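Step one of this worksheet: look at the structure below.
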Amino acid sequence: MLRIRRCYCQKLLVIADIDTMYFHEGTGPLAIKQIETMGMDQIAKPEAAFVFFDHAAPSPASAISNNHKSLRDFAQRTGCRLFDIGDGVCHQIMSERYISPGDIVYANLRLLIDHDLSLVA
């Protein structure tokens, strides 16, 4: 069930069952940190959760290598599907294989964060 209401801050709050989620090595560590901050140690639907290495791959810096390790550990711990270096670009793989019209998708991507969006339908 999808419930939508307007917040006092004039931003749209959506509470919904998510069909799928994905993130990449650029912003994925931020999502993991938030998940851990909330005390969560599982993903509700690991079969519908995807981690990609496609923006900084191979890693150009030690900080990004640390992000890669963090994401690999997270994928293994939670059962998320990992698309490794060279497997493809997240936007294309998701739209061609895993997202259907009408799906609600959480994508923790910089282009969405910059525009104050984190939920894409």
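Please treat every number below as a calculation from the coordinates, not as lab data. Computed from a prediction, not measured in an experiment: that's the story for all the values here. Every residue, glycine among them, receives a Cβ derived from its backbone with ideal geometry; neighbour counts consider all protein chains shown.
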* To do: Enumerate the amide H contacts of THR20 below 5 Å, restricted to partners 5 or more residues apart or on another chain; note that Pro and chain-start residues carry no placed amide H.
  => ILE104, TYR106
* With +1 on each Lys and Arg Cβ and -1 on each Asp and Glu Cβ, how big is the dipole of segment 19-120 about its Cα centre, in debye rounded to the nearest 20? -> 200 debye
* Structure fact -> The Kirkwood hydrodynamic radius of segment 19-120, taken as the inverse of the mean 1/r over all distinct Cα pairs, in Å, comes to 13.8 Å
* Inter-probe distance in nm under a simple model that places probes 7 Å from Cα toward Cβ, at ILE85 and ILE15 -> 4.3 nm
